[in-house]
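Participant: I'd like to ask some things about the structure below.
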Amino acid sequence: MDILVVGGGLCGTLVALALSRHQLDVTLLTGAAHPQAMPAATRYSYGGIPWWMGVGDGGKTLAGRGLACWQQLQERHGDLGLRPATLLLHWSAADDADDNTAVEVAVAALATSLPPDATLERWGRPDFRRGDLEPLGLTCAGAIGLPYGRIDSRHYHHAMARVLRRQGVRCSPGAVAQVLVHDGRCMGARLTDGVVVECDSVVLATGAAVARLLPLPGADRWFPYSWASVLPLGQPQLCPEVILMPLLGGRERMERQGQADLVVDPGLAPWHGGVVFGQVTSLHHQRRRPATPGHPTGLSLRGPGQPSVAEARLRQALAELAPGLAAAARRQQSTVRHCPVSYSPDGRPWIGGCPGIRNLWLFGGFRGGFALAPVLAPVLAEAIAHNGTVAVELGVDPARLLKPQGSPCPPSQEGAPRSSRS
Ligand SMILES: Cc1cc2nc3c(=O)[nH]c(=O)nc-3n(C[C@H](O)[C@H](O)[C@H](O)COP(=O)(O)OP(=O)(O)OC[C@H]3O[C@@H](n4cnc5c(N)ncnc54)[C@H](O)[C@@H]3O)c2cc1C
């Protein structure tokens with residue numbers, strides 16, 4: 001069986017690896033050769049593994065397997081970039097002054113979402129002045145510390161390319177312009193260079209670009225994405241084991257409500273030998289770009305609505321949270337980066353067959369992807385290899401996203417394949 005996996009980020013690489021264990025003929029297209037650079041969320045990610053997360057049944061099914069799954073993958077394939085870390089969920093003096101209840105409510109909610117034996121450490125202001133953290137000049141009023149793990153994105157990228165080759169996966173920088181569907185069945189894909197690849201199944205793991213490729217009317221509404229703006233800083237790596245994130249983050253609420261807005265969730269993580277400071281999330285409503293002579297496929301994603309506003313808010317947040325780092329950013333003349341991040345309005349990923357189109361599979365939309373994607377990639381690979389379905393109780397069937405709209409999803413008849421096999 002020939003399988004074409006589209007997308008070279010966390011999801012595409014993990015599902016390609018899982019498929020290769022079924023002795024299938026797997027080709028991975030990373031999209032790197034697309035005429036316009038396609039920034040992947042995985043590249044700028046903190047890579048933190050919220051190890052307690054699961055899916056289905058209020059998040060309880062398959063919960064707590066993320067870290068163990070990465071350890072198993074490393075035992076099998078060598079170092080993939082798994083590193084120990086501490087997660088610090090911080091709050092500011094203003095959060096604390098705000099009658100003090102928001103912080104305590106959030107801490108209590110966090111405690112109930114963790115296994116009873118999880119150790120939470122309470123940090124006060126003086127704790128931020130010790131060791132590696134001192135030069136950052138952090139202004140946090142307090143934090144909850146948790147044992148965590150992270151995937152070093154640079155290491156992962158290179159290690160995974162080697163592992164996939166060793167497993168017999170053909171990796172190509174090609175990009176898909178169009179998924180080819182005939183008579184309700186996916187036949188392959190046409191690439192941006194015009195080459196047609198026929199195969200038995202296609203897996204779309206293209207992150208934010210999934211809606212652009214799905215031959216379903218209204219897909220933009222069902223598979224949304226936001227833009228993350230981050231500031232990567234070069235050497236020195238000051239706190240190699242700490243991931244700092246706000247306890248009272250705003251991104252998830254904004255994405256759930258789906259209202260166009262911009263929120264700042266100040267945090268930082270080790271990144272490429274330095275640190276990445278994030279993140280401003282911008283949500284504006286995207287529509288499939290009409291095809292034009294410059295963009296024949298309508299594939300490129302529009303950037304954040306107001307990049308200069310996002311940048312200004314990000315730099316202001318950095319100056320407020322970590323004045324020491326803000327000074328380093330000015331010295332280094334660091335440039336703000338923007339990348340699209342797919343999300344699912346109900347917080348659960350989409351994993352399984354595309355409604356209305358046989359042999360087309362979807363894998364993405366994760367919250368906590370670094371914990372859940374390694375657990376769920378083998379589940380999807382199993383379904384593809386045996387032409388089965390992903391267990392309903394996991395609650396991840398992509399069809400649930402389409403049903404509330406009340407509209408059927410007729411398969412597109414466009415573009416039946418004309419030539420060569422992968
Ligand atoms: C600042 C930041 C911090 C984050 N921190 C965390 C964290 O701590 N923990 C966590 O679990 N998650 C975190 N996330 C979210 C996480 O990074 C994403 O959920 C995850 O990386 C998504 O992976 P993906 O493979 O679905 O998408 P992407 O990484 O975006 O990959 C999509 C891939 O598809 C390719 N592609 C697109 N179009 C085409 C095409 N037409 N043809 C071929 N290829 C194509 C792209 O080139 C790319 O390789 C963070 C995100 C950001 C931005």
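The values are calculated or read from the model by the stated rules, or taken from the named source; none is laboratory data. Note that this is a predicted model, so its numbers are computed, not measured. Cβ placement follows ideal geometry from the backbone for every residue including glycine, while neighbour counts extend to all protein chains displayed.
Participant: Out of the range 394-406, which residues are within 16 Å of the ligand (Cβ to nearest atom) and not in a loop (DSSP other than H, G, I, E, B)?
Facilitator: Looking only at the range 394-406, we keep the residues that are within 16 Å of the ligand (Cβ to nearest atom), and these are 396, 398, 401.
Residue satisfying the conditions is 401 alone.
Participant: Collect the residues in the range 15-28 that are more than 13 Å from the ligand (Cβ to nearest atom) and part of a helix (DSSP H, G or I), keeping them in residue-number order.
Facilitator: Quick first cut of the range 15-28, residues more than 13 Å from the ligand (Cβ to nearest atom) only: 18-26.
Hits for the range 15-28 are 18, 19, 20.
Participant: Related question: From the list 169, 195, which residue is more than 22 Å from residue 387 (Cβ to Cβ) and of a type in the set (A, V, I, L, M)?
Facilitator: Sole residue among the options that is more than 22 Å from residue 387 (Cβ to Cβ) and of a type in the set (A, V, I, L, M): 195.
Participant: In the list 308, 282, which residue meets the criterion of being modelled with pLDDT of 90 or more and more than 30 Å from residue 83 (Cβ to Cβ)?
Facilitator: After ruling out the rest, the residue left standing is 308.
Participant: Still on this structure, please answer the following. What tally of residues in the range 114-173 results from selecting those that are of a type in the set (Lys, Arg) and assigned to a helix (DSSP H, G or I)? Talk me through it step by step, then tell me what you get.
Facilitator: Quick first cut of the range 114-173, residues of a type in the set (Lys, Arg) only: 122, 125, 129-130, 150, 154, 162, 165-166, 170.
Filter once more, keeping what is assigned to a helix (DSSP H, G or I): 125, 129, 154, 162, 165-166.
Final tally of qualifying residues: 6.
Participant: Please go through the range 358-393 and pick out each residue that is surrounded by fewer than 24 Cβ atoms within 10 Å (Cβ to Cβ) and either in a loop (DSSP other than H, G, I, E, B) or free of Cβ contacts under 8 Å to residues at least 60 places away in the same chain (or both). Don't jump to the end; show me each part of the working.
Facilitator: Our first condition is that a residue be surrounded by fewer than 24 Cβ atoms within 10 Å (Cβ to Cβ); within the range 358-393, this holds for 358-359, 367-368, 375, 378-379, 382-383, 385-393.
Of everything in the range 358-393, those that are surrounded by fewer than 24 Cβ atoms within 10 Å (Cβ to Cβ) and either in a loop (DSSP other than H, G, I, E, B) or free of Cβ contacts under 8 Å to residues at least 60 places away in the same chain (or both) turn out to be 359, 367, 368, 379, 383, 386, 387, 388, 389, 390, 391, 392.
Participant: With the requirement that a residue be touching a helix residue (DSSP H, G or I) at 6+ places or on another chain (Cβ under 6 Å) and modelled with pLDDT of 90 or more, what does the range 234-247 give you?
Facilitator: Hit for the range 234-247 is 247, nothing else.
Participant: How many residues are in a loop (DSSP other than H, G, I, E, B) and within 6 Å of the ligand (Cβ to nearest atom) when one looks only at the range 35-49? If you could, list the steps in order and put the result at the bottom.
Facilitator: If we filter the range 35-49 for residues that are in a loop (DSSP other than H, G, I, E, B), which is where we start, we get 35-40, 45-47, 49.
Applying the additional criterion that residues be within 6 Å of the ligand (Cβ to nearest atom) yields 38, 40, 45-47.
Residues in the range 35-49 being in a loop (DSSP other than H, G, I, E, B) and within 6 Å of the ligand (Cβ to nearest atom): 5 in total.
Participant: Something else about it: Which residue pairs have Cβ atoms under 9 Å apart, sit 6 or more places apart or on different chains, and have a first residue in the range 4-18 that is under 18 Å from residue 371 (Cβ atoms) and a second that is more than 9 Å from the ligand (Cβ to nearest atom) and among the charged types (D, E, K, R)?
Facilitator: Listed pairs, sorted by first residue: 18/382.
Participant: Out of 391, 399, 381, I need the residue that is at pLDDT 90 or above and under 19 Å from residue 209 (Cα atoms). Which one? Explain how you work it out, then say what you get.
Facilitator: Working: 391 fails: under 19 Å from residue 209 (Cα atoms); 381 fails: under 19 Å from residue 209 (Cα atoms).
It is 399.
Participant: Of 58, 31, 12, which residue is in a helix (DSSP H, G or I) and within 6 Å of the ligand (Cβ to nearest atom)? Spell out the reasoning first.
Facilitator: Details: 58 fails: within 6 Å of the ligand (Cβ to nearest atom); 31 fails: in a helix (DSSP H, G or I).
Sole residue among the options that is in a helix (DSSP H, G or I) and within 6 Å of the ligand (Cβ to nearest atom): 12.
Participant: Which of the residues spanning the range 42-68 are in contact with a Pro (Cβ under 9 Å, 6 or more places away or on another chain) and surrounded by fewer than 22 Cβ atoms within 10 Å (Cβ to Cβ)?
Facilitator: Matches in the range 42-68: 52, 63, 64, 65.
Participant: Turning to a different aspect of this structure: Going residue by residue through the range 130-151, is there one that turns out to be touching a Lys or Arg at 6+ places or on another chain (Cβ under 8 Å), surrounded by 12 or more Cβ atoms within 10 Å (Cβ to Cβ) and under 30 Å from residue 23 (Cα atoms)?
Facilitator: Yes.
Participant: Consider the range 163-180. How many of its residues are polar (S, T, N, Q) and touching a Ser or Thr at 6+ places or on another chain (Cβ under 6 Å)? Steps first, answer last, please.
Facilitator: Step one: list which residues in the range 163-180 are polar (S, T, N, Q), which gives 167, 172, 178.
If we keep only those that are touching a Ser or Thr at 6+ places or on another chain (Cβ under 6 Å) too, we end up with 167.
Result for the range 163-180: 1.
Participant: Quick check on my filter: what residues within the range 188-207 are surrounded by 18 or more Cβ atoms within 10 Å (Cβ to Cβ) and acidic (Asp, Glu)?
Facilitator: As a first pass, look at the range 188-207 and keep what is surrounded by 18 or more Cβ atoms within 10 Å (Cβ to Cβ): 188-192, 196-197, 199-207.
The answer is 200, and nothing else.
Participant: For the range 341-350, does any single residue satisfy the condition of being among the basic types (Lys, Arg), surrounded by fewer than 21 Cβ atoms within 10 Å (Cβ to Cβ) and touching a strand residue (DSSP E or B) at 6+ places or on another chain (Cβ under 7 Å)?
Facilitator: Yes.
Participant: I would also like to ask the following. Would you please name the residue that is nearest to the chain's Cα centre (by Cα), looking only at residues in the range 339-359 that are within 10 Å of the ligand (Cβ to nearest atom) and over 14 Å from residue 221 (Cβ atoms)?
Facilitator: 341
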